[in-house]
Amino acid sequence: MREIHVSVIRDEVKRLFLEAAYVLPSDVKEGLIQGARDEASDLARSVLRTIAENSTVAAEGAFPLC
């Protein structure tokens, strides 16, 4: 059986957690943008656009997705 050092697992788990916190999958972001285009409600359109914009800021590493 292959042995993997705990630091390798720890580092990969850390990387995956950070990716999940800062990177919105591209298909989800495109869905938000498309939803903002198609949405009839001004308020809903604004919320969808804000979420899409927040994902851009998060991807730069400044703040996690919220």
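Each value in this text was obtained by applying a stated rule to the coordinates, not by laboratory testing. All figures in this text were calculated on a predicted structure; none of them were measured in a lab. Glycine also receives a Cβ, built like all others from the backbone with ideal geometry; neighbour counts cover every protein chain displayed.
Things to note:
- Angle in degrees between helix 6-22 and the longest Cα principal axis of the chain, rounded to the nearest 10: 0
- Rounded to whole numbers, the Karplus 3J(HN,Hα) couplings from phi for region 52-58 are 4, 5, 4, 5, 5, 5, 4 Hz, using 6.51 cos²θ - 1.76 cosθ + 1.60 with θ = phi - 60°, and x at Gly and Pro.
- If you model the chain as an ellipsoid using its alpha carbon gyration tensor, with each semi-axis the square root of five times an eigenvalue, the axes come out at 35, 12, 7 Å, biggest first.
- Taking every alpha-carbon pair under 8 Å whose residues sit at least 6 apart, region 6-59 reaches a relative contact order of 38 percent.
- Two-site FRET efficiency, Val28 against Val6, from Cβ-Cβ distance with R₀ of 30 Å, rounded to 0.05: 0.40
- Cα long-axis angle, helix 26-38 against the chain (0 to 90 degrees, to the nearest 10): 10
- Applying a DSSP loop filter and a limit of 12 other Cβ atoms within 10 Å to the GluC sites (Glu not before Pro) in region 1-43 leaves Glu3.
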